[in-house]
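Novice: Take this structure first; my questions come after.
The values are calculated or read from the model by the stated rules, or taken from the named source; none is laboratory data. Everything quoted here is computed from the prediction, not taken from an experiment. Cβ sites come from the backbone with ideal geometry, for glycine too, and all protein chains shown count toward neighbours. Note: areas computed on protein heavy atoms with side chains; ligands, DNA, RNA excluded. Shrake-Rupley method; radii C 1.70, N 1.55, O 1.52, S 1.80 Å.
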Amino acid sequence: MKGDALLEQIQKIDLTGIEDERSRAIIRLLVNLVEDLQGKLKKAQQEIAYLRERLRLRQGGEGKPGDKSSPPQPPRSSEEERKEPKERNKREKLSRIEIDREEKLDVDRAKLPPDAKDKGYEAVVVQELRIDTDNVRFLRKKYYSASMGKTYLAPLPEGYCGEYGPNVRTLCVMFSHLCHMTEPKIGEWFANMGILISAGQISNFLSEGHEAFHQEKEEIVEAGLSSSPWQHIDDTGTRVDGANWHCHVICNPLYTAYFTTERKDRLTVIDVLRNQRERVFRFNDEAVALLRQFGVSERTVGALRNLPWDQELRETELEGWLDRQIPRLGATARNHIVEASAIAAYHAEVGHPVVRLLVCDDAKQFKRVTEELGLCWIHDGRHYKNLTPWLVYHRQLLDGFQTKYWDYYRELLAYREQPSAEEAKRLSGVFDELFSTPTGYAALDDRIARTKANKGQLLMVLRHPEIPLHNNSAELAARGRVRKRVVSYGPRSEKGAKAWDTFQTLLGTAKKLGVNFFHYLSDRISGACQMGSLASIIEQRAKDLQLGASWGSP
């Protein structure tokens, strides 16, 4: 039998028709081997096709040398499996439109028949926008005092400085961060509207003189962290001046905050959760327990007993002590000591909010930072979407399991609406049953075992029904940075990265709070400052929503 014909016969194997257990075990072993080989072959073929395409582009003078992009990946969204039909209620639009003026229109009465009767007016709302220049020549009265040797000049109106008014500066920021326009495109738009502005001036508007906004960002983060004991977290790449940096996103239903950093290790995650305050470290019983979990030797742990016990240390103090007392300490052990003492110091902190639970993916840098961890079900479900079985029988097994997987997910959603101790116990048992039954498809069974190993984190919702089952909030926020990165590539300085973080934080938070971003920017840039701060709105909403119900009020 030829190879293709043999593979076709193997592909149609159905183990349900084989009664002998020994024969089934042998055939199961063989088909899993074929499945594994077919998967490796498919992956190799994809990589070869991708490399051939890259080579063709380079030979034709196209493509970027050193481009490290990966071959196209299959779609991993699980929305189709988990979506539920919802009744669609179209929102009334007219009630949300603010009427600026009213104009009465009449019919040419000469064209009306004699018996036409007046029936009043029929309202039609038309939305329109006026974009006009408002270039002003200010004549500033000038005085000179010979006795004082000083010139007195009439000040410009509030919000005006330099050669551009507050609306131009507001639109620069809004176009860049809300509309994802590049600086050259912003310049083109203004030129078409009759405003002459250089690329350098636009760049300055986007990155310079925003200390008040940076301060508001810090207040938003502090209020957001205080608003609930749980937070979403995720990260994505950002290139700063051509170098690979990382953008961290923390959020909950009331705010979204961005932090661009050089690293994405556990220490950096702690920095983000502490709103980038100066690092502190503490050696106590918790730090000792963490060191043992990290696998640090008892001899090294014993040597650390000479550290100032249960006292807050600065980074220079800890590093200096380690250099003097344990000069031959290995890099891995040293890193574990620094991380353990940083975590212990974070948990012991007073006067600032301490996050008690992170909702995130399974990345190692998020683990042990908080007391509890809630893993994202949708992220876990993507691993099942990544399975691409070759055998028809294996596809049926995978499809059947995924149906049960998302049915169970919907049960957890229902539990969040009406939690109870009895239902939590039942759902825990259902989890054990669902993720303990072998299917015979080796790759699927391995994936099921990995999910079961994370039971505590995946079922954190049974203890805290107020937390979501997924990390979509942070992932969607990270996608906003990805869109910005695709359009603008990346900031060219740390100052530019800080501006990106600040304005994306303001935009993301304003959107969640229902605050008009343009009006908010205009209010601040014009100097009016009549709108309440976003941080104060977060504090008020947090009292109303009770986001930390199972912990008690935050």
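Novice: So how tilted is helix 211-227 from the main axis of the chain? Cα-based, degrees 0 to 90, rounded to 10.
Specialist: 40 degrees
Novice: While we're here: Nearest 10 degrees, 0 to 90: what angle lies between the long axis of helix 21-59 and the longest principal axis of the chain (Cα atoms)?
Specialist: Here the helix axis deviates by roughly 40 degrees.
Novice: Choose one of SER428, ASN471, ALA414: the residue whose Cα lies farthest towards the positive end of the charge dipole of segment 387-472 (beta-carbon charges +1 Lys, Arg; -1 Asp, Glu; about the Cα centre).
Specialist: ASN471
Novice: Hand me the chymotrypsin sites (Phe, Trp or Tyr not before Pro) from segment 111-215 located in a DSSP loop with no more than 14 other Cβ atoms within 10 Å, in residue order please.
Specialist: TYR121, PHE138
Novice: Another question, then. Using 1/(1 + (r/R0)^6) with R0 = 56 angstrom and r between the beta carbons of LEU57 and LEU105, what's the FRET efficiency to the nearest 0.05? Write out the running numbers ahead of the final one.
Specialist: Numbers: r = 60 Å, r/R0 = 1.08.
The calculated FRET efficiency here is 0.40.
Novice: About its Cα centre, how strong a charge dipole does segment 370-438 have in debye, to the nearest 20, once Lys and Arg get +1 and Asp and Glu get -1 at the Cβ? Present the calculation step by step, with values, prior to reporting the outcome.
Specialist: Values: 8 positive and 11 negative charges, 77 e Å.
For segment 370-438, the charge dipole is close to 360 debye.
Novice: Here is a follow-up. Tabulate in residue order the Karplus-calculated ³J(HN,Hα) for segment 446-455, using 6.51 cos²θ - 1.76 cosθ + 1.60 with θ = phi - 60°, rounded to whole Hz; enter x for Gly and Pro.
Specialist: Whole-Hz 3J(HN,Hα) from phi for segment 446-455: 5, 5, 4, 4, 5, 5, 4, 5, 9, 3.
Novice: Fully extended, how many nm does the chain gain between LYS364 and ASP323 (0.36 nm per residue separation, minus their Cα-Cα distance)? Walk me through the numbers on the way to the answer.
Specialist: Working: separation 41, 0.36 × 41 = 14.76 nm, distance 2.73 nm.
Stretched out fully, the LYS364 to ASP323 stretch lengthens by 12.0 nm.
Novice: Quick one: angle between helix 421-434 and the longest Cα principal axis of the chain, in degrees between 0 and 90, rounded to 10, please.
Specialist: That helix lies at roughly 60 degrees to the long axis.
Novice: May I pose another question? Mind scanning LYS217/LYS452; LYS40/LYS404; LYS104/LYS185; LYS385/LYS425; LYS364/LYS484; LYS364/LYS404 and naming the pairs with a C-alpha gap bigger than 32 Å?
Specialist: In this structure, LYS217/LYS452; LYS104/LYS185 lie more than 32 Å apart at Cα.
Novice: While we're looking at this one, here's another question. Report the label-to-label distance for VAL126 and TYR144 in nanometres (one decimal), using points 7 Å from each Cα along the Cα→Cβ vector.
Specialist: Placing both labels 7 Å beyond Cα along the Cβ direction yields 5.6 nm.
Novice: Ignoring everything except DSSP H segments at least 4 long, calculate the 222 nm mean residue ellipticity for the chain; use -39,500 (n - 2.57) per segment, divide by total residues, nearest 500.
Specialist: Value at 222 nm, helices only, nearest 500: -15500 deg cm²/dmol.
Novice: Just to confirm, what accessible area per residue do you get for the chain at 1.4 Å probe, in whole Å²?
Specialist: Computed with neighbouring chains in place, this is 61 Å² per residue.
Novice: Run the accessible area of the chain with a 1.4 Å probe and give the carbon-and-sulfur part as a rounded percent.
Specialist: Result for the chain: 50 percent of the exposed heavy-atom area is carbon or sulfur.
Novice: Could you size up the charge dipole of the chain around its Cα centre, putting +1 on the beta carbon of Lys and Arg and -1 on that of Asp and Glu, and report it in debye to the nearest 20? Don't jump to the answer; show the numbers that get you there.
Specialist: On the way: 83 positive and 80 negative charges, 248 e Å.
Taking the Cα centre of the chain as origin, the dipole is about 1200 debye.
Novice: Taking the dipole about the Cα centre of the chain, with the C-beta of Lys and Arg at +1 and of Asp and Glu at -1, give me whichever of GLY209, GLN59, ASN454 is farthest to the positive side.
Specialist: With unit charges placed on the Cβ atoms, the residue in question is GLN59.
Novice: Right, here's the next one. Using +1 at the Cβ of each Lys and Arg and -1 at the Cβ of each Asp and Glu in the chain, identify which of ILE525, PHE175, GLN127 lies farthest towards the dipole's positive end.
Specialist: Checked the options; the winner is PHE175.
Novice: Something else about it: Which one, (i) 23, 57, 19, 1; (ii) 15, 39, 33, 11, 2, 0; (iii) 20, 48, 24, 6, 1, 0, gives P(r) over Cα pairs in 20 Å bins from 0, in percent as derived from the coordinates shown?
Specialist: Among (i) 23, 57, 19, 1; (ii) 15, 39, 33, 11, 2, 0; (iii) 20, 48, 24, 6, 1, 0, the one calculated here is (ii).
Novice: Further question on the same structure: How large is the charge dipole for segment 195-346, taken about the Cα centre, if only the Cβ atoms of Lys, Arg (+1) and Asp, Glu (-1) carry charge, to the nearest 20 debye?
Specialist: 620 debye
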